[in-house]
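**Q** Supplied in structure tokens, the structure appears directly below.
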Amino acid sequence: MKGTADYVMAIDLGSSRIVASLGKMEENGELRILALKQMPSDSEIRRGIVHNIEDVAGTVRKLKEDLSNSQMPPLVVNHVTVGINGYTLRTKDVNVFSQFGGTELFTENDLDELTDQIPENLPDDFYPISVFQQEFLVDGKLDRSPIGTTPKRVDAHFKVVGGIEDLARKTETAFDSIKLNANLELGPIASAEAVLMPEEKAKGVVCVDFGAETTSVCIYKGDLIRYVSVLPFGGRNLTLDLLQLNLDEEDAENLKLLKGTALHFSEFEGLEGEESFSKEDQEINEIMVARIEEIVENIWAQINRSGIEPNKLLSGIVLTGGASKLPDLEKLMARKTGMIVRMGDPSLYLDTTSAAMFGKPEYARCIGLTLLGKEGCFAVIEKEPVIEVVKPTVIQEQTLFEEVKPIMQPKQVKEKHIKPPKPPKPPKEPKTGGIKTFLGSITEFLNNDN
């Protein structure tokens, strides 16, 4: 059954939880989240890569059924938009060229031939997932597109995002096992879609999504995706570091939420209204700050590795993701990078009701995946109208001196017919003996024979 464009389901395969949303685009361009549900994921997904295919498939099936049944009339799932956010995601630059006669128009087919050269320019251990066109050189001059020109040579520059093959293969296997088509989208781009404004993508911006076990970086410049990568650490690393204080993971997580900050305790000393840190709190702070500074330094390294000078990213850095709620993270990022830093707003493209309920940093990637789901995922199950089949009945009409003629008429009203009284039975003859009756029958027979 072909899905409609009205409803979109998105699945965010997070390392700490799997989140599913059901959305619908309104006529004014706002996204309305009809339902959003989540279930915890433990060892099923490790650093953004599916580990236990069967467990992930079971969780996705349950979330899909819950969202489908949340609507009336019910909805049938055709396919879903799924985020890929494994820690092996990285970007490769590929440059290819073709030569032409200079008299014929450059067409889409010529562009496809250029794109076909990409695989032979990739490492053997690199599995491509998405390809993004950059600028072209048409006879040595910079151009956004060579289509429609009559070039002698076209040089094409592509950004190819991918990773290890298991990153996509295991995800597809999990969805295939429950007969659900998955449209794979890059998680870092989905997060950016939820929190970035168009003018930021044009001026140049870095979107950083702090997750539980991964941190993703997505860079835009000139409305083009320039760089994507995923780092293998996130907010849970801070929690695990606190286990050295002889705490279990639940207590360590609560302690992080209660006393966590991205700045060293020495920066708060002497400030008005700030309480001094106890010796125990100082130890907690030093453990957490050491880890968050390491993560920020790795993010800064990724920005520099992108090939774009940070001072040309005029819109700075936008933070999102559940772990981005760590107090003072904006200040630390601004200090380490020298860039403008702000917290992203995941309610940017949501309607008023959805913004109040789901406009939270931890839902940014799932919201972005819903926005990227251009094709409808559902078809409404319309209840088939009940058609009453009226059986015809034969009415016999008899007229004087005519034969009986059957007339077919629809039976509209069922009438009760009163049965006529049965005729009285004839009186019984008196019974006689068996021998007398036998002799009388023989006499009758002989008289008739004579």
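**Q** Identify all residues within the range 177-191 that are closer than 23 Å to residue 363 by Cβ and out of contact with any Phe, Trp or Tyr (no Cβ under 9 Å at 6 or more places or on another chain); write none if there are none. Spell out the reasoning first.
**A** Taking the range 177-191 first, the residues closer than 23 Å to residue 363 by Cβ are 180, 182-191.
Residues satisfying the conditions are 180, 183, 184, 185, 186, 187, 188, 189, 190, 191.
**Q** Specify the residue that is nearest to the chain's Cα centre (by Cα); the eligible residues are those in the range 58-90 that are of a type in the set (A, V, I, L, M) and more than 11 Å from residue 18 (Cα to Cα).
**A** This residue is 80.
**Q** Still on this structure, I have one more. Of all residues in the range 176-187, how many are over 14 Å from the mean Cα position of the chain (by Cα) and more than 20 Å from residue 64 (Cα to Cα)?
**A** Start the filter on the range 176-187 by keeping residues that are over 14 Å from the mean Cα position of the chain (by Cα), which leaves 176-179.
Filter once more, keeping what is more than 20 Å from residue 64 (Cα to Cα): none.
The total comes to 0.
**Q** Within the range 243-252, work out how many residues are touching a residue at least 24 places away in the same chain (Cβ under 8 Å) and in contact with an Asp or Glu (Cβ under 8 Å, 6 or more places away or on another chain).
**A** Result for the range 243-252: 1.
**Q** Go through 175, 233, 210 for me and flag whichever is touching a residue at least 60 places away in the same chain (Cβ under 8 Å) and assigned by TED's automatic domain parsing to the domain that holds residue 372.
**A** One residue alone meets the criteria, 175.
**Q** Which one of these is surrounded by 14 or more Cβ atoms within 10 Å (Cβ to Cβ), within 31 Å of the chain's Cα centre (by Cα) and within 22 Å of residue 242 (Cβ to Cβ): 326, 350, 313, 332? Steps first, please.
**A** Working: 350 fails: within 22 Å of residue 242 (Cβ to Cβ); 313 fails: within 22 Å of residue 242 (Cβ to Cβ); 332 fails: within 31 Å of the chain's Cα centre (by Cα).
Going through 326, 350, 313, 332 in turn, the sole match is 326.
Residue-wise test of (1) exposed (fewer than 14 other Cβ atoms within 10 Å of the Cβ); (2) farther than 27 Å from residue 161 by Cβ; (3) not hydroxyl-bearing (Ser, Thr, Tyr).
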site: 59; (1), (2), (3): no, no, no
site: 67; (1), (2), (3): no, yes, yes
site: 70; (1), (2), (3): no, yes, no
site: 95; (1), (2), (3): yes, no, yes
site: 106; (1), (2), (3): no, no, yes
site: 114; (1), (2), (3): no, no, yes
site: 128; (1), (2), (3): no, no, yes
site: 132; (1), (2), (3): no, no, yes
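**Q** Within the range 335-347, work out how many residues are at positive phi and either surrounded by 15 or more Cβ atoms within 10 Å (Cβ to Cβ) or among the hydrophobic types (A, V, I, L, M, F, W, C) (or both).
**A** Looking only at that region, the number is 0.
Each row is one residue, and each column tells you yes or no for (1) within 17 Å of the chain's Cα centre (by Cα); (2) surrounded by 18 or more Cβ atoms within 10 Å (Cβ to Cβ).
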| residue | (1), (2) |
| --- | --- |
| 142 | no, no |
| 146 | no, yes |
| 160 | no, yes |
| 163 | no, yes |
| 171 | yes, yes |
| 174 | yes, yes |
| 199 | no, no |
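**Q** Here's a check for you: in the range 345-362, which residue that is in a loop (DSSP other than H, G, I, E, B) and of a type in the set (Asp, Glu) is farthest from residue 323 (Cα to Cα)?
**A** 351
**Q** Based on this model, can you work out whether residue 98 counts as small (Gly, Ala, Ser), more than 15 Å from the chain's Cα centre (by Cα) and either not assigned by TED's automatic domain parsing to the domain that holds residue 365 or not in a loop (DSSP other than H, G, I, E, B) (or both)?
**A** It is true that residue 98 is small (Gly, Ala, Ser), more than 15 Å from the chain's Cα centre (by Cα) and either not assigned by TED's automatic domain parsing to the domain that holds residue 365 or not in a loop (DSSP other than H, G, I, E, B) (or both).
The values are calculated or read from the model by the stated rules, or taken from the named source; none is laboratory data. These numbers were taken from a predicted model, which means no experiment stands behind them. Every residue, glycine among them, receives a Cβ derived from its backbone with ideal geometry; neighbour counts consider all protein chains shown.
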